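The values are calculated or read from the model by the stated rules, or taken from the named source; none is laboratory data. All figures in this text were calculated on a predicted structure; none of them were measured in a lab. Cβ coordinates were reconstructed from backbone atoms using ideal geometry, including for glycine residues, and neighbour counts include every protein chain displayed.
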Amino acid sequence: MTLNAFAARIHEYGPPEVLKFETIEVPSPGPGQIRVRNTAIGLNFVEVYYRRGTFPVPSFPAVLGNEAAGVVEAVGSGVHSLKVGDRVVYSDDIHGAYATYCIYPADRVALIPGTITDHQAAASFLKGLTARYLLKEVIELLPGDTVVYHAAAGGVGKIFCQWAKALGIRVIGTVSSAEKAAVAKAAGCVHVINYTTEDFAQRVLELTAGCGVKAVFDSVGKDTFSDSLSVLRPKGTLVIFGKASGSPPSIDPFLLAPRSLKLTWPVLPVYVSTASELQAASADLFDAITSGLIEVGPERIYPFDQLITAHRDLEERRTTGAAVLVI
């Protein structure tokens, strides 16, 4: 049975105002699919990339958003792991979350435990899975290791810093304001650098007695790339996982040779590409939330019809931690 949904779509790339609220038809789920009534939608900077056209959408008009929590309202044939009434959360590189209803592959969602609210799930699923693979899978990090994390007061950053501290990893965080410095410090950073008032690279080398750090986790891109490389210790790794300030410059691999540095750009979909990988990562994240190892917010809640305001806040770096849209 087809039903109508309220959705935010773009018909062209541009500023937040290109997001238009419209009524769309949502079909019955097909084989292997479920229909979810979204209750809370996660806000992530990657959606700004898609809205601007930094990353292309498959076609216009496009419903953006790739993270939400909600309730299963219908299941397609062949779906046996879920039933109507189950609470689920999803986050893949599949658009459509900016809507009251969506169709989703049944094997790409996770059941939300009773100990976690829909708001918490939508605020933390993409960010928490990202923090998890950065900490636990991209490189081997051991208790006592020191790393740098850029934008430490952001949604992923807050989870990363809390989880890292619990694992005995020392995080030097960078932020753009005194307010965000307080947030990053509370999240577990051993040192916080305000890069608008301090020389980031010089300060990291001072804090590490000139040795540098084992890894730098950088979602900023262009503005931080060169300095991030400069503060790595020999055999250190620069982990790029975003480009909020633009694409990093091209680099001759030979420039990595003097200190045998490593450069990588990992992406979450590769680390949760199978249903079993997704379920294992989800269980680890939910355990960390339920046990109190990490606190996930959300810090800010917007009504769905304030999506344009939410995008402006994201783009202008007015948010700290996680934010969600509620329906």
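Filtering the range 234-265 to residues that are on the phi < 0 side of the Ramachandran plot, surrounded by fewer than 16 Cβ atoms within 10 Å (Cβ to Cβ) and not in a helix (DSSP H, G or I) leaves PRO234, SER245, SER247, PRO249, SER250, ILE251, ASP252, LYS262, THR264, TRP265. Counting only strands (runs of 3 or more DSSP E) that sit completely within the range 1-42, those holding 2 or more residues that are basic (Lys, Arg) and touching a residue at least 12 places away in the same chain (Cβ under 8 Å) correspond to 33-42. The set of residues from the range 235-256 being at pLDDT 95 or above and either of a type in the set (Lys, Arg) or over 16 Å from PHE225 (Cα atoms) (or both) comprises just one member, LYS235.
From the list SER81, SER91, the lone residue that is polar (S, T, N, Q) and touching an Asp or Glu at 6+ places or on another chain (Cβ under 6 Å) is SER91. Checked against the criterion of being of a type outside the set (Phe, Trp, Tyr) and either outside the structural domain of GLU315 (by TED's automatic domain parsing) or not in a strand (DSSP E or B) (or both), the range 68-76 contains one or more residues that satisfy it.
Going residue by residue through the range 91-109, is there one that turns out to be of a type in the set (Asp, Glu) and in contact with a strand residue (DSSP E or B) (Cβ under 6 Å, 6 or more places away or on another chain)?
Step one: of the range 91-109, the residues of a type in the set (Asp, Glu) are 92-93, 107.
Among the residues that remain, those that are also in contact with a strand residue (DSSP E or B) (Cβ under 6 Å, 6 or more places away or on another chain) are: none.
No; the residues of the range 91-109 include none that is of a type in the set (Asp, Glu) and in contact with a strand residue (DSSP E or B) (Cβ under 6 Å, 6 or more places away or on another chain).
With respect to being at pLDDT 95 or above and among the aromatic types (Phe, Trp, Tyr), PHE217 fits the description. Of everything listed in (1) surrounded by fewer than 19 Cβ atoms within 10 Å (Cβ to Cβ); (2) touching a strand residue (DSSP E or B) at 6+ places or on another chain (Cβ under 8 Å), the single unmet condition for VAL88 is (1).
Just for the range 188-206: of the residues that are in a helix (DSSP H, G or I) and free of Cβ contacts under 8 Å to residues at least 24 places away in the same chain, which one is farthest from THR146 (Cα to Cα)? Only one residue tops the list, namely GLN202. Looking at (1) closer than 21 Å to LEU268 by Cα; (2) loosely packed, with under 15 Cβ neighbours inside 10 Å; (3) at pLDDT 95 or above, which one does PHE55 not meet, given that it meets all the others? PHE55 satisfies all of (1) closer than 21 Å to LEU268 by Cα; (2) loosely packed, with under 15 Cβ neighbours inside 10 Å; (3) at pLDDT 95 or above except (3).
Kindly evaluate GLY221 against the criterion of being in the same structural domain as GLY154 (by TED's automatic domain parsing), in contact (Cβ under 8 Å) with a residue 12 or more places away in the chain and under 30 Å from ALA106 (Cβ atoms). It would help to see each step written out before you state the result.
Working: in the same structural domain as GLY154 (by TED's automatic domain parsing): yes; in contact (Cβ under 8 Å) with a residue 12 or more places away in the chain: yes; under 30 Å from ALA106 (Cβ atoms): no.
No: the conditions fail for GLY221.
Here ASP93 fulfils each of the conditions (1) buried (at least 18 other Cβ atoms within 10 Å of the Cβ); (2) touching a Pro at 6+ places or on another chain (Cβ under 7 Å) apart from (1).
Tell me yes or no: at least one residue of the range 245-254 is over 21 Å from GLY188 (Cα atoms), in contact with a Ser or Thr (Cβ under 8 Å, 6 or more places away or on another chain) and either of a type in the set (S, T, N, Q) or outside the structural domain of TYR98 (by TED's automatic domain parsing) (or both).
Kept after step one, since they are over 21 Å from GLY188 (Cα atoms), are these residues of the range 245-254: 245-254.
Right, trim to in contact with a Ser or Thr (Cβ under 8 Å, 6 or more places away or on another chain) and you get 245, 249.
Narrowing the set further to residues that are either of a type in the set (S, T, N, Q) or outside the structural domain of TYR98 (by TED's automatic domain parsing) (or both) leaves 245, 249.
Yes: one or more hits.
Considering each residue of the range 207-216, count those that are of a type outside the set (Gly, Ala, Ser), in a loop (DSSP other than H, G, I, E, B) and buried (at least 18 other Cβ atoms within 10 Å of the Cβ), and give that number. Even if it seems obvious, please write down each step before you answer.
Just the residues of the range 207-216 that are of a type outside the set (Gly, Ala, Ser), to begin with: 207-208, 211, 213-214, 216.
Okay, now just the ones that are also in a loop (DSSP other than H, G, I, E, B), so 208, 211.
Imposing the further condition that a residue be buried (at least 18 other Cβ atoms within 10 Å of the Cβ) reduces the set to 208.
Going through the range 207-216 one residue at a time, the tally reaches 1.
Residues satisfying the criterion are absent from the range 127-140 (criterion: farther than 30 Å from ASP199 by Cα, part of a loop (DSSP other than H, G, I, E, B) and at pLDDT 95 or above). For the range 202-237, the set of residues classified as more than 18 Å from LEU268 (Cβ to Cβ), touching a Ser or Thr at 6+ places or on another chain (Cβ under 6 Å) and among the aliphatic types (A, V, I, L, M) consists of VAL213, VAL216, listed by residue number.
For the range 109-148, taking the residues that are of a type in the set (Lys, Arg) and crowded, with 21+ Cβ neighbours inside 10 Å, the one that is farthest from the chain's Cα centre (by Cα) is identified as ARG132.
So which residues in the range 141-179 are assigned to a loop (DSSP other than H, G, I, E, B) and small (Gly, Ala, Ser)? Break it down into steps so the answer makes sense when it comes.
In the first step, residues of the range 141-179 are kept if they are assigned to a loop (DSSP other than H, G, I, E, B); the result is 141-145, 151-153, 167-169, 176-177.
Correct list: GLY144, ALA151, ALA152, ALA153, GLY168, SER176, SER177.
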